[in-house]
Structure formats: C-alpha cells, structure tokens
Amino acid sequence: MSAVQAVPTDDAGRPLFELPDELAIDTDVARRVISGFIRGQLEQAGFERLVLGLSGGIDSGLVAYLVAEAIGAENLLCILMPYRTSSPASRADAETIAADLGCRSELVEITAMVDGYFGADGGTGAGGDGVRDASALRRGNFMARMRMSVLYDRSVAFTGLVVGTGNKTESLIGYTTLFGDNACAFNPIGDLYKSQVRQLAAAIGVPKAVIAKAPSADLWPNQTDEGEGSFSYPLLDRILYWRIDRRRSTDELVGMGFERALVGRVEGLVARSEFKRQVPPIAKLGPRTAGVDYLYPRRRPGSARS
C-alpha cells in the first residue's frame with residue numbers, strides 16, 4: 001500500500017505546504033531506506049552515535065527524528081548554536097524537538113566566536129579593521145563554519161559522527177557553505193528535494209509549527225531562503241526534478257510551461273556550484289592516488305578504531 005499521504009493542514013484547514021504531484025514520495029519506503037542507510041553508515045565507520053546541529057528548522061528537525069527512529073534517541077546529541085541575532089522562535093522550536101525526542105541536547109552560543117573575529121560594538125576583532133564592514137554573506141558563512149567547528153569538537157567528546165542536514169535542492173543550487181553546513185560524515189536527506197523534506201517531516205511527526213514556517217538559515221534577522229534567493233521552493237523543486245532527475249532539456253521545460261529565463265537561472269546556479277558537490281581534486285603524480293585510484297570502504301578490514 002502506498003504511503004503518499006495527503007498534505008496535512010493547519011488549524012484553519014489550510015495546507016501546511018505545497019507538494020507538486022511529481023515530487024510526492026512513498027514516505028514509508030523513504031523511512032525504511034534512510035533508517036537502513038543511517039545504521040549502515042555507522043556500522044561501516046565503527047561508530048554507534050551521532051551529533052547533530054539542531055537549528056529549529058525543518059531540515060535538521062527531520063534528520064533528528066530520522067536518527068532517533070533509526071538508532072534510538074539515546075544515541076543522538078543535538079547541539080543548539082544560536083548567534084545573538086538568531087530568532088528566539090527557532091531556538092524554542094529546537095528545544096521542543098529535542099524534548100519531544102528525549103535526546104540529549106546542549107546549548108553553545110557562537111556569539112563570542114563570531115564577534116571575536118569580526119568585532120562588535122565598534123571594537124575591532126581578531127580579523128582586524130578589514131572585516132569590520134564585512135557583508136552579511138561573509139558573516140553568515142563564518143557563522144556556519146563556527147557551528148561546524150563546534151559540532152566536530154563535540155563529536156570527539158560524544159564519540160559520535162556528525163550527521164548532515166542539507167537537502168537536495170540546496171545542494172544542487174549551491175545554497176550551502178563549504179566546510180560549514182555541508183560538512184558531515186554522511187547525509188540522510190541529501191537526495192530529498194525541499195518539498196519531499198516537508199512531506200517526510202509531516203509523516204514522521206515533526207511539529208507542524210516547524211513544517212509551516214518559512215525556511216531560513218537564520219544567518220541574519222528576518223532572513224529567509226526564498227526571500228534571499230528570490231525563488232519558490234515548489235517551483236524550484238519542479239524545475240530541478242525535470243532537469244536533473246528526468247533529464248529534460250531547456251526547450252522541453254519551456255514547452256512544459258516553465259519560463260525560459262527562470263530555467264536558465266536555475267541551470268546556471270547548478271553549473272556554478274558543481275565545485276561544492278565534489279571532493280577537492282588532487283594533482284595526480286604517483287601510481288596510486290588517494291581518492292582517485294586508491295579507494296577503499298570507509299572502514300577497511302583490520303582498521304578497528306580504538
């Protein structure tokens with residue numbers, strides 16, 4: 001029996017989100033596949049626990065529920081890492097998710113880390129005068145990388161791998177920070193478009209308030225993904241699905257009713273961000289090069305971790 005459920009509604013009977021027909025998935029199958037993937041990745045690497053950066057958004061919220069379902073909430077540590085301008089509502093949503101799952105959680109304020117570099121209140125930080133007028137984008141990228149530094153430090157203390165929370169839409173258009181939010185040991189939702197993330201989140205029990213709110217990286221006040229990128233996730237997901245998954249040409253997409261200019265813009269975003277989706281290239285000099293022709297599973301026989 002298919003598990004493609006109807007889109008849930010809010011208290012007023014309005015749909016919580018838009019789900020294009022071609023993007024609907026069987027959520028029961030998705031949960032089984034992802035649970036097996038999580039357990040398999042941990043076993044292969046020789047770990048039993050995971051560390052997750054929990055922002056209060058739908059992506060990290062969904063991953064938290066998926067991890068708890070796959071390996072038990074007792075094996076998950078969620079880290080909340082707000083900056084001084086972060087939304088209090090996002091922190092509250094993150095706390096709600098952690099409490100609902102019953103997993104361990106910690107609060108690490110990154111304000112001192114970020115302001116220590118850029119400066120604050122007119123003072124100069126470690127970055128010098130040259131960074132005092134840094135753009136919101138630069139500051140946002142730095143925040144993302146500070147958060148990942150915290151996660152990897154906590155992963156040592158917790159003896160757990162860092163689990164990723166980036167979705168397929170963001171990965172394809174490059175809406176991610178290298179060595180920031182895209183850094184992880186593995187990513188359970190990296191093949192789910194944003195629309196599918198919402199569908200699976202509804203099926204697994206992520207709070208409706210988290211599902212319904214506007215997606216945001218919470219990098220500066222009132223920042224939203226769709227506002228910053230000038231796109232609608234359902235429309236963007238449809239273009240990416242037909243262009244990437246179904247290999248339709250630009251002309252075919254235009255024939256389907258998509259605007260040529262928008263299709264071209266999306267194609268440009270995908271092409272320009274290819275470097276973010278690949279490991280750094282290595283200049284090959286020797287007969288066997290790590291990552292090129294010297295390739296083994298993550299945990300080779302005989303490589304037991306002490």
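The values are calculated or read from the model by the stated rules, or taken from the named source; none is laboratory data. Here the structure is a predicted model, which means the values were calculated and not measured. Positions of Cβ are backbone-derived with ideal geometry, glycine not excepted, and every protein chain shown enters the neighbour counts.
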Do we have residue 61 as touching a helix residue (DSSP H, G or I) at 6+ places or on another chain (Cβ under 6 Å), more than 21 Å from residue 158 (Cα to Cα), buried (at least 21 other Cβ atoms within 10 Å of the Cβ) and not basic (Lys, Arg) here? no
So for the range 25-32 (the condition being crowded, with 18+ Cβ neighbours inside 10 Å, in a loop (DSSP other than H, G, I, E, B) and not aliphatic (A, V, I, L, M)), does at least one residue qualify? no
Tell me, please, whether a residue that is surrounded by 23 or more Cβ atoms within 10 Å (Cβ to Cβ), of a type in the set (Asp, Glu) and assigned to a helix (DSSP H, G or I) can be found in the range 162-184. yes
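Table: residues versus (1) at pLDDT below 95; (2) closer than 20 Å to residue 81 by Cα.
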position: 166; (1), (2): no, yes
position: 171; (1), (2): no, no
position: 184; (1), (2): no, yes
position: 188; (1), (2): no, no
position: 194; (1), (2): no, no
position: 203; (1), (2): no, no
position: 213; (1), (2): yes, yes
Let me spell it out: the conditions are (1) closer than 22 Å to residue 273 by Cβ; (2) surrounded by 19 or more Cβ atoms within 10 Å (Cβ to Cβ), and residue 135 meets all of them except one. Which number is the exception? (2)
Just to be sure I understand, how many residues within the range 99-118 are within 19 Å of residue 48 (Cα to Cα) and either in a helix (DSSP H, G or I) or at pLDDT below 95 (or both)? 1
Within the range 72-90, is there a residue that is in a helix (DSSP H, G or I), over 16 Å from the mean Cα position of the chain (by Cα) and farther than 28 Å from residue 37 by Cα? yes
